[in-house]
Amino acid sequence: WSYQAGLESAAARYHWVKGTVFYQDLDNEIIGEPGGAGPPTYNDLFVNKGTIRRQGLELEAETVSFHNLSVAAGFAYVSVKSSNETESRDRYTYNIGVKYDDRKSFQAQLFGHYIWWDLDGAFQAEYGDWIWDLNLAKKILDTKHYAAELFLTAHNLFNGNQYTFVDSKNPERWIEAGIKITF
């Protein structure tokens, strides 16, 4: 079962606001049973049993553009309680960003993302850093039938760490660039 309710308002003159709350009850959670496969391998066996409950909220806000600039922010909180665990896990996420759009030929966006997974130390996870991305786009051709735009995206600008398992680390800084052509 899943329940969700939200409110969104554009009534304020200079900003947009949205809020959502949710509650989910799930049956047949996938649970690993160590050594459950039995001889000769004694591998972990994953079975569907137990229940899991997720509940939380999301909040978002964005300003209207002022001199081609706008600011956006978001927050999410989730409490996860599994019948397989003795305590609930609290996860929360923050997003912040600034956008520039001259509505003619140039756009720029800088966004930061932070997440707290509340994981056991055995995972050797690392998620104390903000991850920042920069997006730039410049229109170089715009006709009735064709358009071309140069773009550059720099991911993880400050080489932050944000991963759940030590053997699957997130990539360090990396860049994409190119031209987008529409016809």
(message) For the chain, what does the accessible surface come to per residue with a 1.4 Å probe? Please give it in Å².
(response) 69
(message) For the pair Phe75/Trp116, report the inter-label distance in nm, with labels modelled 7 Å from Cα in the Cβ direction.
(response) 1.1
(request) Would you kindly derive the ³J(HN,Hα) couplings of the range 178-183 from the backbone phi angles with the Karplus curve 6.51 cos²θ - 1.76 cosθ + 1.60 (θ = phi - 60°), listing them in order in whole Hz, with x for Gly and Pro? (result) x, 10, 10, 10, 10, 8
(message) Springs between alpha-carbon pairs under 10 angstrom, Gaussian network model over the chain: which of Gln124, Gln107, Gln162 fluctuates most?
(response) Gln124
(message) If I ignore ligands, DNA and RNA and count only protein heavy atoms, how much of Arg89 is accessible to a 1.4 Å probe, in Å² to the nearest 10?
(response) 50
(request) Read through the labelled values [x] 15.6; [y] 11.3; [z] 13.5 and report the label of the one computed as mean projected area of the Cα convex hull in nm² from the structure. (result) [x]
(request) With springs only between Cα atoms under 10 Å apart, run a GNM on the chain and tell me which of Ile96, Ile30, Ile131 wobbles the most. (result) Ile30
(message) Please list, in order along the range 112-128, the HN-Hα scalar couplings obtained from phi with the Karplus expression 6.51 cos²θ - 1.76 cosθ + 1.60 (θ = phi - 60°), rounded to whole Hz, x for Gly and Pro.
(response) x, 9, 10, 9, 10, 8, 6, 9, 4, x, 4, 6, 6, 6, 9, 8, x
(request) For the range 83-183, evaluate the Debye formula with one uniform point scatterer on each Cα (no solvent term) and list log10 I(q)/I(0) at q = 0.10, 0.17, 0.21 Å⁻¹, rounded to two decimals. (result) -0.44, -0.85, -1.06
(request) Report P(r) for the range 1-58: all Cα-Cα distances, bin width 10 Å, range 0 to the bin holding the largest distance, values in whole percent. (result) 20, 25, 20, 16, 11, 6, 2
(request) Under a cut-off of 27 Å between alpha-carbon atoms, report the lysines in cross-link reach of Lys138, not counting same-chain residues fewer than 8 places apart. (result) Lys99, Lys104, Lys180
(request) For the chain, with all protein chains present and a 1.4 Å probe, just round the carbon and sulfur fraction of the accessible area to a whole percent. (result) 57
(request) For the chain, set up a Gaussian network in which alpha carbons nearer than 10 Å are linked by springs, and say which option among Gly35, Gly74, Gly19 fluctuates the most. (result) Gly35
(request) Could you run the Karplus curve 6.51 cos²θ - 1.76 cosθ + 1.60 with θ = phi - 60° over the range 148-159 and give me ³J(HN,Hα) per residue in whole Hz, x for Gly and Pro? (result) 9, 9, 8, 9, 9, 10, 10, 9, 6, 3, 10, 6
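The values are calculated or read from the model by the stated rules, or taken from the named source; none is laboratory data. Remember, it's a predicted structure, so these values are computed and weren't measured experimentally. Neighbour counts are summed over all protein chains in view; Cβ atoms, including those assigned to glycine, are modelled from backbone coordinates with ideal geometry. In case anyone asks, the SASA skips ligands and DNA or RNA and just uses the protein heavy atoms, side chains included. Shrake-Rupley method; radii C 1.70, N 1.55, O 1.52, S 1.80 Å.
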